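Engineer: Have a look at this one.
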Amino acid sequence: MDDETVERVRAIICSIPPGSVLAYGDVAARAGLRSARQVGRLLSEDGHDLPWHRVLRASGTPAPHIAHEQLARLRAEGVLAKDGRVPMREYRWAD
């Protein structure tokens, strides 16, 4: 991913307001990327300073290795999961 694309993805993630979420695919589409995996890769390599917890799988589930922390951070912002899944229809950010 070139620097311009990285910055575009980072800006999209930073713009997700507290109490809202996007799916990896939503971020990819807004950034003009063909693959949601590119967003996940960027977050894993360079996402420590981003509100990474606001980006979920399309199903509303977090990745298993970060699920506890991610759901706790979202809960602190008012995003409530049901059975480990965030209802995307309720919390998906539509700007």
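The values are calculated or read from the model by the stated rules, or taken from the named source; none is laboratory data. In this text, all values refer to a predicted model and were calculated from it rather than measured experimentally. Neighbour counts are summed over all protein chains in view; Cβ atoms, including those assigned to glycine, are modelled from backbone coordinates with ideal geometry.
Engineer: Report whether or not Asp26 is of a type outside the set (Lys, Arg) and closer than 26 Å to Met1 by Cα.
Structural biologist: yes
Engineer: Which one is farthest from Ala72 (Cα to Cα), of the residues in region 9-30 that are aliphatic (A, V, I, L, M) and surrounded by fewer than 18 Cβ atoms within 10 Å (Cβ to Cβ)? Reasoning before the result, please.
Structural biologist: Within region 9-30, the first condition is being aliphatic (A, V, I, L, M), and the residues that meet it are 9, 11-13, 16, 21-23, 27-29.
Those still in the list that are surrounded by fewer than 18 Cβ atoms within 10 Å (Cβ to Cβ) too: 11, 29.
On the way: Ala11: 23, Ala29: 27 Å.
If we take residues in region 9-30 being aliphatic (A, V, I, L, M) and surrounded by fewer than 18 Cβ atoms within 10 Å (Cβ to Cβ), then Ala29 is farthest from Ala72 (Cα to Cα).
Engineer: Follow-up. Please go through region 37-78 and pick out each residue that is under 15 Å from Arg8 (Cβ atoms) and among the hydrophobic types (A, V, I, L, M, F, W, C).
Structural biologist: Val39, Leu42, Leu43, Leu50, Val55, listed by residue number.
Engineer: For the condition of a type in the set (A, V, I, L, M), at pLDDT 95 or above and surrounded by 15 or more Cβ atoms within 10 Å (Cβ to Cβ), what is the one hit in Leu33, Leu80? Reasoning before the result, please.
Structural biologist: Values: Leu80 fails: surrounded by 15 or more Cβ atoms within 10 Å (Cβ to Cβ).
Checking each option against the conditions leaves just Leu33.
Engineer: I need the full set of residues from region 38-75 which are assigned to a helix (DSSP H, G or I), under 15 Å from Ile16 (Cβ atoms) and hydrophobic (A, V, I, L, M, F, W, C), in order please.
Structural biologist: Result: Val39, Leu42, Leu43, Trp52, Leu74.
Engineer: Name every residue in region 83-95 that is loosely packed, with under 13 Cβ neighbours inside 10 Å and either free of Cβ contacts under 8 Å to residues at least 40 places away in the same chain or touching a Cys at 6+ places or on another chain (Cβ under 8 Å) (or both), in order of residue number.
Structural biologist: Our first condition is that a residue be loosely packed, with under 13 Cβ neighbours inside 10 Å; within region 83-95, this holds for 83-84, 89-90, 94-95.
Matches in region 83-95: Asp83, Gly84, Arg89, Glu90, Ala94.
Engineer: Right, next: Might you check whether a residue that is closer than 19 Å to Val27 by Cβ, basic (Lys, Arg) and without any contact (Cβ under 8 Å) to a residue 40 or more places away in the chain occurs anywhere in region 50-58?
Structural biologist: yes
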